[in-house]
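Peer 1: Handing you this structure, nothing more for now.
The values are calculated or read from the model by the stated rules, or taken from the named source; none is laboratory data. Note that the structure is predicted; figures quoted are calculated from it, not measured. Reconstructed Cβ throughout: ideal geometry from the backbone, glycine too, with neighbour counts over all protein chains shown. We work out accessible area using only protein heavy atoms, side chains counted, and drop any ligands, DNA or RNA first. Shrake-Rupley method; radii C 1.70, N 1.55, O 1.52, S 1.80 Å.
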Amino acid sequence: GSGYQAWLGYRQLLPGDRYDQYADYSRIHVTEKDAVIQTAVSELIYGLEGILGVKPEIVAQEKHVIAIGTFGNNPVVDRIVTPEKIARIGQEGYVIITDKENACVAVGATSSNGVIYGTFHLLRLLSTGSDINELDIVENPINRLRMINQWDNMDGSVERGYAGESIFFKDNLIVEDHDRIRDYARMLASAGLNGIVINNVNVHKVESKLITEFLPEVAKLAAIFRKYAIKLFLSVNYASPIEIGGLTTADPLDSDVRQWWRDKTADVYAVIPDFGGYLVKADSENRPGPFTYDRDHADGSNMLAEALEPFGGMVIWRCFVYNCKQDWRDRKTDRARAAYDHFKPLDGRFKDNVILQIKNGPMDFQVREPVSPLLGAMPSTNQVLEFQIAQEYTGQQRHLFYLIPHWKEILDFESYTKGNGSTIKRIASGEVHGNRLAGIAAVSNIGNDMNWTGHLLAQANLYGYGRLIWNPDLTSEHIAEEWIKLTFGNNANIIHVIKNMLLSSPAIYESYTAPLGVGFMVTPHTHYGPDVDGYEYAKWGTYHYADWHGIGVDRTLATGTGYTSQYNSPNFERYESLAHCPDELLLFFHHVPYTHVLQSGKTVIQHIYDTHFEGVEKAEQLVSQWDSLAGTMDEVLHKQVAVRIEEQVEHAKEWRDRINTYFYRKSGIADKSERLIYS
Ligand code: BDP
């Protein structure tokens, strides 16, 4: 095992009950020639052959079959699926129903896209050994846009990539061998995703040419993804009219600039008729944008929206806009405020096909930060929530960090933006404000490492991301269990051990890194490993303000930056109040002395010491848990993970010692349990 098959390994069943049951249904009945349905057929053949060891036939008979197709086009599907069921199926949804008497399973959908999702669902059931005699499943995705963002550069590197080089680009060209890209498309579709941006949000001159010189090659990639019901999008450089168009300005109100974008966009649609649209990072971290011309982000995005509109395309415009040249001497400047301050006043000015893409927190994918107050705060504007699957600040796929529970906390957060029930998941899905365009995007965690994600267990984050955004009500436990079974098989002990490891991992990592929501404390640039003051006197605005007396950022309205006032009541009051602010976010919102007593009853300083010692102990337990599986699973895969977890422990010790020593020196307060070498 190399891990390349990921969750699509389809290991063969031993003869016995399930084998016989599945064999009874194992022929395929399909009538449609549509490319996506044909993809579903080949996936079904591939999966069944893996599970049963025999290649299934495609047959005309209407018994002992798995029938897949769209309503009205497949006699077996139409015989089994009632009109009442059909009425419940949306554009991308599906039903899976068993007609036991005739030994048929019908996978039916409104569109061929639904058929492929239904087929992958059925394969999941088979591959995890489920009973298929009584299936009666109706599924519709909760989020309309289910996107993955590659941060791949054409030189072959991946920004914040921790699993090798790009599978899309090499030497400033698009790769010619498309096998891996096709296999990636399979993985994404099987997890329910329907959109991909293939290049980094930081667009260099060479990637600007993806919409010109490289367009024929891009079209080939779009064709691969199209077969898997995935739309292709591109990140574009706001200054392209200058960079590659020979114009002297990129002013969004300039008529030549507008014409340039209309022409280029028409060229794109001429070869990719179902092209999704553009993703744009503008006026952010030294990227060009409308600010250069004294225009705002509504002007900038609407210009692109106008070019895309005739073709049904959309502009996904990122809100990661802040001043990366702040002054640390001024306690009133606050990067956390920036997205809301820039965008909220523009509500109502964006065209219908503009979507703002907003990171889950106000800073940058920290292990702990509050939920972005911009989410849901613009009732007349489309929004997409942005997560990061790549673990930039959560251990870079060297430390174990199962992201699903972390994302679920965010999705379940109550924003109160339109009264009770205004949770982030209902905002993201478009339900709260009734948006036509809405959904979730995330930065991918894959590269050309043989097992895709470097850390084999980080595959759970890619798989789980897709499953979670299809249905945000799925539990972390359920997703973990599904992924483990698909990846490692049905051994009860393996499932039990890995599930525990995954579920405990976020808290472990949090406990030995930056404390109580204060964030960063990582090595500048690489963002891996501890550097307590690395960003403290830098311009990036990621401060913790630790001194001899205390630590934390005062973001209250009363005495601080006023960031708390971007939240609705009662979140505002909760964060504003030192007594009510949740412990895990205390230092994000308040500057307190080291002797401040937390709701847990501990002082801040003792909390720091305790969590850091305990965190390392728990990381050590991960090693023994994993070791206990040796001999019960594929040896190569076992070894791959063992190496990573051992590194995690060593590295956790470094975190512990640097953080603890630092705070001991700053505060002069000893550890009550006398574990510090210094005291
Ligand atoms: C930060 C990354 C940086 C990205 C930026 C972004 O450190 O590499 O370009 O976000 O999201 O997390 O644009």
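Peer 1: Is it true that Val553 is more than 16 Å from the ligand (Cβ to nearest atom), assigned to a loop (DSSP other than H, G, I, E, B), in contact with a His (Cβ under 7 Å, 6 or more places away or on another chain) and in contact (Cβ under 8 Å) with a residue 40 or more places away in the chain?
Peer 2: Yes; evaluated as a whole, the condition is true for this residue.
Peer 1: Here is a further query. In the range 15-101, which strands (runs of 3 or more DSSP E) lie fully inside it and hold 3 or more residues that are open to solvent by less than 30 Å² (accessible area, probe 1.4 Å)?
Peer 2: Of the strands (runs of 3 or more DSSP E) lying wholly inside the range 15-101, those with at least 3 residues that are open to solvent by less than 30 Å² (accessible area, probe 1.4 Å) span 65-70, 94-99.
Peer 1: Restricting the search to the range 155-177, which residues are surrounded by 20 or more Cβ atoms within 10 Å (Cβ to Cβ) and within 16 Å of the ligand (Cβ to nearest atom)?
Peer 2: Selection gives Val158, Gly161, Tyr162, Ala163, Ser166.
Peer 1: While we're on this one: Could you grab the pairs with beta carbons closer than 9 Å, sequence gap of 6+ or different chains, first residue in the range 117-129 and under 20 Å from Arg146 (Cα atoms) and among the basic types (Lys, Arg), second one assigned to a helix (DSSP H, G or I) and open to solvent by less than 20 Å² (accessible area, probe 1.4 Å)?
Peer 2: Here the result reads Arg124/Trp7; Arg124/Ser190; Arg124/Leu486, each pair linking the range 117-129 to a residue that is assigned to a helix (DSSP H, G or I) and open to solvent by less than 20 Å² (accessible area, probe 1.4 Å).
Peer 1: While we're on this one: May I ask you to verify whether Lys264 is of a type in the set (Lys, Arg), open to solvent by 20 Å² or more (accessible area, probe 1.4 Å), in contact with a strand residue (DSSP E or B) (Cβ under 7 Å, 6 or more places away or on another chain) and more than 16 Å from the ligand (Cβ to nearest atom)?
Peer 2: In short, no.
Peer 1: If you don't mind, there's one more thing I want to ask. For the range 349-359, enumerate the residues that are within 13 Å of the ligand (Cβ to nearest atom) and either open to solvent by 10 Å² or more (accessible area, probe 1.4 Å) or modelled with pLDDT under 95 (or both).
Peer 2: Listed by number, the list holds a single entry, Lys359.
Peer 1: Give the residues of the range 420-438 that are in a loop (DSSP other than H, G, I, E, B) and either touching an Asp or Glu at 6+ places or on another chain (Cβ under 8 Å) or among the hydrophobic types (A, V, I, L, M, F, W, C) (or both), sorted by residue number.
Peer 2: Within the range 420-438, Asn420, Gly421, Ser422, Val432, Arg436, Leu437, Ala438 meet the criteria.
Peer 1: Does Ile196 satisfy the criteria of being within 29 Å of Leu125 (Cα to Cα), in a strand (DSSP E or B), away from the ligand (no atom under 16 Å from the Cβ) and within 19 Å of the chain's Cα centre (by Cα)?
Peer 2: Here the answer is yes, as Ile196 does meet what is asked.
Peer 1: What are the residue pairs meeting all of these: first residue in the range 186-205, first residue closer than 20 Å to Glu217 by Cα, second residue among the basic types (Lys, Arg) and outside any helix (DSSP H, G or I), Cβ atoms under 7 Å, and 6 or more apart or on different chains?
Peer 2: That search, which allows pairs on different chains as well, returns Gly195/Arg146; Gly195/Lys231; Val201/Lys281; Val201/Arg318.
Peer 1: Here's something else I'd like to know. Select, from Pro373, Pro379, the only residue that is in a loop (DSSP other than H, G, I, E, B), under 21 Å from Phe589 (Cα atoms), away from the ligand (no atom under 16 Å from the Cβ) and of a type outside the set (Gly, Ala, Ser).
Peer 2: From the options Pro373, Pro379, the qualifying one is Pro373.
Peer 1: Let me ask another. State yes or no: is Ala428 within 16 Å of the ligand (Cβ to nearest atom) and of a type outside the set (D, E, K, R)?
Peer 2: So Ala428 fails the test.
Table: residues versus (1) in a helix (DSSP H, G or I); (2) closer than 30 Å to Leu145 by Cα; (3) without any contact (Cβ under 8 Å) to a residue 24 or more places away in the chain.
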site	(1), (2), (3)
Leu474	no, yes, yes
Val497	yes, no, no
Ser511	yes, no, no
Pro515	no, no, no
Pro524	no, no, yes
